[in-house]
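Comments concern the structure below.
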């Protein structure tokens, strides 16, 4: 009960500030009345829908719509609130200064300034329009991102070796076969040596992938194979199952899915990839996340490997790299992860700006990171989840090229 009281109080605070911005800009009564009625109806719908969430059903279409509507409405309004609250701080200091200068409180508090509210509304329009675009276009705005990584101890035979990586398919969210086929075509256009899939094939249920098996089977064979690991959503942890047996059967079916689309699923184990008499080790762990399921066993997966073996690790959650992998004495040269989706919202201008709320949750949330010659690449995700869109952080197909030598500054 207390959490609902807190939630309603937060909703009301956001709405009060947003209303003040509109009221400062316009005094037209029917506009303000219409805005108020519309806002109240949306708030009631959101509170009701969230209260009806059934953990035995999981992510229903209604819940997806509710969460998307919540993001669409309240991200802009929170920005409005921040600007208006900032103005209140200014007004408070101005009032205090006025009191000490005039020794009177009459008319001491300055009124809200129209231009501040106009700026706040203009700023709020930016994420609102971006989120709208993300729903209708952005979620399928696939980008092929190329990354070259240098290693002084890379075996000579693997100089120039190319890896295609996808992650976080979340097939249960798809609603446009033509767009997914286009993404598969982008994958097939690349002349890579090996393909890796770093987890989350579904949102919860194995059946979500069944309509898409033929589509993903269009991914071409690779000379050195196609491999995968599990992601946190593949375990069915976010559902209240009617029985443990049903959960286990779903988990087994999800593991089978990877094989049905031509990927070899690696469960805390490794394989040697051989080329021209030389080899590198491909290591695949189950999900290990600081705040999620910890099924990954790095020691088991790398049993028999030494710090001299060149190793590429697949681990779904990049927090695994931060808390276990990057300082492991066996020296994992390159870790490939996903999981974060970059929260499906942010701004990326190469070489200038890279921001997302994800960076306040994960130290490594999108792209390449390095620590003492050990690298992790975080794929931004192929699909989408919960919020049915992507704004600024686009769905990604990664092409990684391994090069022998030192990185050129």
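The values are calculated or read from the model by the stated rules, or taken from the named source; none is laboratory data. Everything numeric here is computed off the predicted structure, so don't read it as measured data. In this analysis, Cβ positions are derived from the backbone assuming ideal geometry, glycine residues included, and neighbour counts consider all displayed protein chains.
Is it fair to say residue 236 is in contact (Cβ under 8 Å) with a residue 60 or more places away in the chain and either touching a strand residue (DSSP E or B) at 6+ places or on another chain (Cβ under 6 Å) or surrounded by 20 or more Cβ atoms within 10 Å (Cβ to Cβ) (or both)? Working first, answer last.
Details: in contact (Cβ under 8 Å) with a residue 60 or more places away in the chain: no; either touching a strand residue (DSSP E or B) at 6+ places or on another chain (Cβ under 6 Å) or surrounded by 20 or more Cβ atoms within 10 Å (Cβ to Cβ) (or both): yes.
When the stated conditions are applied, residue 236 does not pass them.
Condition check: farther than 23 Å from residue 6 by Cα, surrounded by 15 or more Cβ atoms within 10 Å (Cβ to Cβ) and outside the structural domain of residue 247 (by TED's automatic domain parsing). Does residue 34 satisfy that? So that I can check it myself, show each step before the final result.
Working: farther than 23 Å from residue 6 by Cα: yes; surrounded by 15 or more Cβ atoms within 10 Å (Cβ to Cβ): no; outside the structural domain of residue 247 (by TED's automatic domain parsing): yes.
Answer is no for this residue.
Looking at the stretch 114-145 only, could you name the residues that are free of Cβ contacts under 8 Å to residues at least 60 places away in the same chain and within 30 Å of residue 163 (Cα to Cα)?
Result: 137, single match.
For residues that are touching a residue at least 40 places away in the same chain (Cβ under 8 Å) and farther than 29 Å from residue 125 by Cβ, tally how many sit in the stretch 58-80.
Residues flagged as touching a residue at least 40 places away in the same chain (Cβ under 8 Å) and farther than 29 Å from residue 125 by Cβ within the stretch 58-80 amount to 2.
Taking the condition of being closer than 19 Å to residue 59 by Cα and either free of Cβ contacts under 8 Å to residues at least 60 places away in the same chain or touching a strand residue (DSSP E or B) at 6+ places or on another chain (Cβ under 6 Å) (or both), how many residues in the stretch 206-233 meet it? Step through it out loud before you land on a result.
Going through the stretch 206-233, the residues closer than 19 Å to residue 59 by Cα turn out to be 206-212, 231-233.
Next, from what is left, pick out any that are either free of Cβ contacts under 8 Å to residues at least 60 places away in the same chain or touching a strand residue (DSSP E or B) at 6+ places or on another chain (Cβ under 6 Å) (or both): 206-212.
So the answer is 7.
If you go through the stretch 176-200, how many residues are out of contact with any strand residue (DSSP E or B) (no Cβ under 8 Å at 6 or more places or on another chain) and either at positive phi or in contact (Cβ under 8 Å) with a residue 60 or more places away in the chain (or both)?
Within the stretch 176-200, residues that are out of contact with any strand residue (DSSP E or B) (no Cβ under 8 Å at 6 or more places or on another chain) and either at positive phi or in contact (Cβ under 8 Å) with a residue 60 or more places away in the chain (or both) number 1.
Looking only at the stretch 279-298, decide whether some residue is more than 24 Å from residue 339 (Cβ to Cβ), surrounded by fewer than 20 Cβ atoms within 10 Å (Cβ to Cβ) and either in contact with a helix residue (DSSP H, G or I) (Cβ under 9 Å, 6 or more places away or on another chain) or in the same structural domain as residue 334 (by TED's automatic domain parsing) (or both).
Yes, the stretch 279-298 has at least one match.
Give 372, 336 a once-over and let me know the one that is touching a strand residue (DSSP E or B) at 6+ places or on another chain (Cβ under 8 Å) and within 26 Å of residue 152 (Cα to Cα).
Working: 372 fails: touching a strand residue (DSSP E or B) at 6+ places or on another chain (Cβ under 8 Å).
Result of the check over 372, 336: 336.
Modelled with pLDDT of 95 or more and surrounded by 16 or more Cβ atoms within 10 Å (Cβ to Cβ): is that true of residue 254 in this structure?
On the way: modelled with pLDDT of 95 or more: yes; surrounded by 16 or more Cβ atoms within 10 Å (Cβ to Cβ): yes.
Answer is yes for this residue.
Just name the residue that is nearest to the chain's Cα centre (by Cα) out of those in the stretch 155-200 that are assigned to a helix (DSSP H, G or I) and under 30 Å from residue 307 (Cα atoms). Quick ask: steps written out before the conclusion?
Within the stretch 155-200, the first condition is being assigned to a helix (DSSP H, G or I), and the residues that meet it are 156-158, 171-173, 177-189.
Then drop every residue that is not under 30 Å from residue 307 (Cα atoms), which leaves 156-158.
On the way: 156: 35, 157: 35, 158: 31 Å.
Looking at the filtered set, the residue picked out is 158.
Go through the stretch 117-140 and report how many residues are surrounded by fewer than 16 Cβ atoms within 10 Å (Cβ to Cβ) and closer than 22 Å to residue 184 by Cα.
The total comes to 2.
Can you confirm whether the stretch 102-112 contains a residue that is more than 24 Å from residue 407 (Cβ to Cβ) and at pLDDT 85 or above? So that I can check it myself, show each step before the final result.
First, pick out the residues of the stretch 102-112 that are more than 24 Å from residue 407 (Cβ to Cβ): 102-112.
Then keep just the ones that are at pLDDT 85 or above; that gives none.
No: the stretch 102-112 contains no residue that is more than 24 Å from residue 407 (Cβ to Cβ) and at pLDDT 85 or above.
Tell me yes or no: at least one residue of the stretch 65-74 is more than 26 Å from residue 129 (Cβ to Cβ) and part of a helix (DSSP H, G or I). Outline the logic, then answer.
Applying the first criterion (more than 26 Å from residue 129 (Cβ to Cβ)) to the stretch 65-74 yields none.
Scanning the stretch 65-74 turns up no residue that is more than 26 Å from residue 129 (Cβ to Cβ) and part of a helix (DSSP H, G or I).
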